[in-house]
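Engineer: Shown below is the structure under consideration.
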Amino acid sequence: MAARGKFWRRVLKRFAGVDRTRWLVVFLATGMCICSLALIKIQVIDGPSLSSQAAKLRTVTYPIRAERGKILDARGTVLATSTQRYNVVANPYLLRTYVHKEVVNSAGKVITNTRAAEGPDAREKVMGTGPVEAARQLAPILEQDRAELGGMLVADSGYQIIARNVEPAKWRKIKELKIEGITSETTTLRSYPAGNTASTVVGFVNQENVGAAGIEASREGVLGGKDGERTVEIAPTGQIIPDGAETTKEAQSGQSLKLSLDADLNQQAQTSLDNAVKKTGATWGTVVVMEVATGRVLALADSGALPPMDAREKSESTKSRVVQSVYEPGSTGKLITFAAALDQGKITPLSTFRIPYEITMKNDEKFVDSHEHGVQNLTASGVLAESSNVGTVQIGDLVSDKSRYQMMKKLGLGEPTGIEMPGETGGLVPTPQEWDGRQRYTTMFGQGIAVSPLQVTQLMATVANGGVRIPARIVDSWTDQNGVVHKTDTPKATRAMEPDTAATLMRMMESVTGSDGTAELAKVPGYRTAGKTGTTEILGGADSGGVVASFVGAAPAEKPAVAVSVVLNKPQTSVYGGVVAAPVFSEVTGAALRMLGVKPSTEAPKLYPIEANTK
């Protein structure tokens, strides 16, 4: 029995060894098969995909910034342009292994002479490493705080812009440092050589060189162009591999815009306006000059306008009150009432009216004139010249509410003019159904409606243009990349009133600037002038209190070339537009006529009588 057990132990031991060897062979063979299959999968099946992923890891795409188009005035004066700059870009991943080495002499001083660097005393010395050393070298050149710069250089990113709009000279200094992981992108810096001239029109760009205000924003699609890009392979050091794969998509430059503005005239308007605001203590003011026959805006000024890049820091300064602010036009709105009455034949310039200081209308609403007086007998021309509220409501009562409302709409009130500036308001013109008993009359003398300074200028231009309204415009043309000039489409003209109505109203308005009118200070030496004053109280809202004083007119009255409006908010020296706004009109209009080469008037005005002949 013992012998039998010994036999079987020998047998099992022998075969157990055989099984281990066999299983080892099987295991190794299986492993080799698995490895072979894996290699086949990697090389044949996944090879292209993995190769693509590896390429992505070693490629970098840099934007190629499009050159932004210029903005020019009507004579070609540059209002906005771009100059080449660089954005300095860091790769924090590569900066982790950056080592700054210099060749020094035995005293430890850096050797800059090439021959000396090869001398027996020369040796290489590590000056610093990593982002800390990079920040130490870059901070003085970029004029940045070293600690803040160092914080950007340790970001968990492979792409970090550490400085924008760096001048070429500074970038050359940085490039000479040969810091691995520091590269650049070519970009442009927007500059505005004309300063605050038409700055609320031109606007400005943001840090990304995208229009953020004014024409820069509204015509971004034309000015901005399209950025391109360059994709390259980079070595672990961050340097571009010379023979590596590279693709480039060229940028498309933006197109240049030519505005209708004249920079010199605009600066004259700006200076006259700012002086008036300072002299009168007004909180703000506006001036608009429009070419009557075309609707082209020749000058547009907002008081206190800042150079564009300064305005970018102050959001309030980005606003153009000419197109974005509204006010009750006051007595300038009387032109609407007179136009409707003349157009329907309800009055003539010589129609007579009995004008007491106070009048009670048939619905018991009472109205007074701006100053106390005895009973007057005035012609319709006299009512306009003396800006009588009492006379105006009598004239307005001759016209239906519907007709007056239609005249407002024909003159473009209650809707944007369509000028190419962002944020333009359409104002507010309630329908007759929305008027209450008092508003029915206040709308006759420009209260109860809200308009922008540009709309009032367009209203005057319409009367001066024989009753034809041409929408305001401020962009004349643009030039594409091939140098082809594209003219702006001419706005559609519409008739607002009969030619005789417009001509009669112009002649009546000449009395306003005459010796018996409310705006003798609006006269332009050498030219016949027509216009209308305006004064209205500011009621309600955060700006409540005080008045808006204005004057809008056209010259030469016999053949108008320009329409000009002046608006002053809360003047302290006088509440009358004929006193505070009219002198600005005179200065700016005179400059505009001289610029256009308009010949002085040769005939004296034939004014309608102001006082009615009661004999």
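Read the figures in this text as sums done on the coordinates, not as results from a lab. None of these values were measured; they are calculated from a predicted model. Note that we place each Cβ from the backbone using ideal geometry, even for glycine, and neighbour counts take in every protein chain shown.
Engineer: Take the Cα of Ile161, step 7 Å along the line toward its Cβ, and report every residue of the range 200-228 whose backbone nitrogen sits under 15 Å from that point.
Structural biologist: 205-212, 227-228
Engineer: So what's the net charge close to Thr280: Lys and Arg +1, Asp and Glu -1, counting the other residues with Cβ under 13 Å from its Cβ?
Structural biologist: Combined, the nearby Lys, Arg, Asp and Glu give +2.
Engineer: Considering only Thr97, Ala135, Gly254, whose Cα is most displaced toward the positive end of the charge dipole of the range 61-259, charges sitting on Cβ of Lys, Arg (+1) and Asp, Glu (-1)?
Structural biologist: Gly254
Engineer: With +1 on the Cβ of every Lys and Arg and -1 on the Cβ of every Asp and Glu, and nothing else charged, how large is the dipole of the chain about its Cα centre, in debye rounded to the nearest 20?
Structural biologist: 3580 debye
Engineer: Select one label from (i) 0.92; (ii) 0.98; (iii) 1.55: the one whose number is Cα Rg over 2.2 N^0.38 Å as derived from the coordinates shown.
Structural biologist: (iii)
Engineer: If one takes the longest principal axis of the Cα atoms in the chain, at what angle in degrees, from 0 to 90 and to the nearest 10, does the Cα axis of helix 499-510 lie?
Structural biologist: 80 degrees
Engineer: Would you work out which of Asn266, Met508, Tyr62 lies farthest towards the positive end of the dipole of the chain, given +1 charges on the beta-carbon of Lys and Arg and -1 on that of Asp and Glu, about the Cα centre?
Structural biologist: Tyr62
Engineer: Taking a cut-off of 18 Å between Cα atoms, list the lysines near Lys279, but don't count ones fewer than 8 places away on the same chain.
Structural biologist: Within the straight-line cut-off, Lys279 pairs with Lys570.
Engineer: Give me, ordered by chain and number, the residues 5 or more places off Ser184 or on other chains with an amide H under 5 Å from its own placed amide H.
Structural biologist: Answer set, sorted by chain and number: Val89.
Engineer: Let me ask something else about it. Quick one: net charge around Arg469, please, counting Lys, Arg +1 and Asp, Glu -1 for every other residue with C-beta under 9 Å from its C-beta.
Structural biologist: Cβ neighbours under 9 Å give a net charge of +2.
Engineer: Let me ask something additional. Where the centroid of each part is defined by its Cα atoms, how far is the range 401-471 from the range 294-333 in Å?
Structural biologist: Result: 19 Å between the Cα centres.
Engineer: As I understand it, the value is the acute angle between the Cα axis of helix 334-343 and the longest principal axis of the Cα atoms of the chain; what does it come to in degrees, rounded to 10?
Structural biologist: 60 degrees
Engineer: While we're looking at this one, here's another question. Please order Tyr86, Tyr357 by the number of other Cβ within 10 Å, starting at the fewest.
Structural biologist: Arranged by neighbour count, lowest to highest, Tyr86, Tyr357 become Tyr357, Tyr86.
Engineer: Further, regarding this structure: Can you give the calculated 222 nm mean residue ellipticity of the chain, where each DSSP H run of n ≥ 4 adds -39,500 (n - 2.57) and the sum is split over every residue, rounded to the nearest 500 deg cm²/dmol?
Structural biologist: -9500 deg cm²/dmol
Engineer: So for the pair Asp264, Glu148, with labels modelled 7 Å out along Cα→Cβ, what separation do we get in nm?
Structural biologist: Label at Asp264, label at Glu148, 4.4 nm between them.
Engineer: Further, regarding this structure: List every residue whose amide H lies under 5 Å from the amide H of Ile355, counting only residues 5 or more places away in sequence or on a different chain, with H placed 1.01 Å from N in the peptide plane.
Structural biologist: Under 5 Å from the amide H of Ile355: Gln376, Asn377, Leu378.
Engineer: Order these by the 10 Å Cβ neighbour count, fewest first: Val289, Val575.
Structural biologist: Val575, Val289
Engineer: Moving on to the next point. Longer than 32 Å from Cα to Cα, which of Lys70/Lys249; Lys314/Lys487; Lys278/Lys402; Lys278/Lys366 are they? Say none if no pair is.
Structural biologist: From the list (Lys70/Lys249; Lys314/Lys487; Lys278/Lys402; Lys278/Lys366), the Cα-Cα distance tops 32 Å for Lys314/Lys487; Lys278/Lys402; Lys278/Lys366.
Engineer: Taking the Cβ of each residue in Met309, Met509, Met290 as the centre, tally the other Cβ atoms inside 10 Å and list the residues starting with the fewest.
Structural biologist: By the 10 Å Cβ count, ascending, the order reads Met309, Met509, Met290.
Engineer: Of Gln455, His486, Thr529, which is farthest on the positive side of the dipole of the chain, counting Cα position, with +1 on Lys and Arg Cβ, -1 on Asp and Glu Cβ, and the Cα centre as origin?
Structural biologist: Positive-end residue among those listed: His486.
Engineer: Now for a different question. Short version: ³J(HN,Hα) in whole Hz for each residue of the range 407-412, in order, from phi by Karplus 6.51 cos²θ - 1.76 cosθ + 1.60 (θ = phi - 60°), x for Gly and Pro, what are they?
Structural biologist: Listing the rounded values in order: 5, 4, 5, 4, 7, x Hz.
Engineer: Same structure, new question: Tabulate in residue order the Karplus-calculated ³J(HN,Hα) for the range 596-602, using 6.51 cos²θ - 1.76 cosθ + 1.60 with θ = phi - 60°, rounded to whole Hz; enter x for Gly and Pro.
Structural biologist: With the stated coefficients, the range 596-602 comes to 7, x, 6, 6, x, 5, 10 Hz.
Engineer: Provide the percentage of antiparallel DSSP beta bridges, counting only those with both residues in the range 61-259; round to the nearest 5.
Structural biologist: Expressed as a percentage, antiparallel bridges in the range 61-259 total about 95.
Engineer: Residue by residue through the range 218-232, which ³J(HN,Hα) values in whole Hz follow from phi under the Karplus form 6.51 cos²θ - 1.76 cosθ + 1.60 (θ = phi - 60°), with glycine and proline marked x?
Structural biologist: 5, 10, 4, x, 8, 6, x, x, 10, 5, x, 7, 10, 10, 9
Engineer: How high is the FRET efficiency from Glu176 to Asp489, r the C-beta distance, R0 45 Å, rounded to 0.05?
Structural biologist: FRET efficiency, Glu176 to Asp489: 0.30.
Engineer: Using amide H atoms built in the peptide plane, which far-off residues or other-chain residues are under 5 Å from Ala555 H to H?
Structural biologist: The list, which skips near neighbours in sequence, is Ala561, Val562.
Engineer: Still on this model: In debye, nearest 20, what is the charge dipole magnitude of the range 263-596 about its Cα centre with +1 on Lys and Arg Cβ and -1 on Asp and Glu Cβ, if you could check?
Structural biologist: 420 debye
Engineer: Mind checking the angle between helix 47-57 and the chain's longest principal axis? C-alpha axes, 0 to 90 degrees, to the nearest 10.
Structural biologist: The angle comes out near 60 degrees.
Engineer: Ok, one more. Length gain on complete extension for the stretch Arg594 to Gln84, per 0.36 nm per residue less the alpha carbon to alpha carbon distance?
Structural biologist: My answer for the length gained is 179.7 nm.
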